[in-house]
Amino acid sequence: MIRKKPITYDAARLKMADLCARAEHCEHEIREKLFKQGLSSSDIDRLIDFLIENRFIDNSRYAAGFARDKVRFSRWGRNKVRQALALKRIPSATIREALEEIGEDDYLEALHRAAIAKARGLSLDDYDDRAKLYRHLLSRGFESALISSEIVRLRKEQKDADNDN
């Protein structure tokens, strides 16, 4: 196996500043990248401090963007977003603030769209199909009470559509 020469502090600073300028990253991601490149722990700490001071890294900005994008585009629920941010070692207070910034209308729309996508081809009159939809939405990170009310809503819409035909 060929060992790569460890990166220098100055080269790492330029590389990470460029990386953070192009896309939002959290502190934990950058630490992992620097560790894999063979930088010493003292240099990693110095570099992280530099990146934070110069606003290349901002965990609260990262968490807010991550939460907003995951709800809007991936249709994740709050529980799944919370877990993903915790795995990135974002402080729980920062996670709480990021989740509070998600608009309730956007959140309920994401739940509705996720439920509709899964409910296609399911008969919501059938208990097993309702349970399948419930488990799916639970795995997407949505809260139980919201899932239950959404299933009731979809079931009513499905019955109304059947009555119209």
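Since every read-out is calculated from the coordinates, none of them should be taken as a lab result. Only a predicted model underlies this, so the values are computations on that prediction, with no experimental measurement involved. Backbone-built Cβ (ideal geometry, glycine too); neighbour counts: all protein chains shown.
General observations
- Subset of Lys132/Lys159; Lys88/Lys156; Lys80/Lys118; Lys118/Lys156; Lys5/Lys80; Lys80/Lys132 violating a 28 Å alpha-carbon distance limit: Lys88/Lys156; Lys5/Lys80
- The chain, dipole about Cα centre (Lys/Arg Cβ +1, Asp/Glu Cβ -1), debye to the nearest 20: 840 debye
- In Hz, Karplus ³J(HN,Hα) per residue of region 153-159 (6.51, -1.76, 1.60; θ = phi - 60°; x = Gly, Pro): 4, 5, 4, 5, 4, 5, 5
- Selection from Phe56, Ser123, Gly38 lying farthest towards where the dipole of the chain points positive, charges on Cβ: Gly38
- By the Cα gyration tensor, region 62-111 has an equivalent ellipsoid whose semi-axes, rounded to whole angstrom, run 17, 10, 8 from largest to smallest.
- Over the chain - Rg/Rh using Cα atoms and the Kirkwood inverse-distance radius: 1.18
- Along region 40-56 the Karplus relation, 6.51 cos²θ - 1.76 cosθ + 1.60 evaluated at θ = phi - 60°, assigns HN-Hα couplings of 5, 5, 5, 5, 4, 4, 4, 5, 4, 4, 4, 5, 6, 4, 8, 6, 6 Hz to successive residues, with x for each Gly and Pro.
- Helix content alone sets the calculated 222 nm mean residue ellipticity of the chain: runs of n ≥ 4 DSSP H residues at -39500 (n - 2.57) each, divided across all residues, give -23500 deg cm²/dmol.
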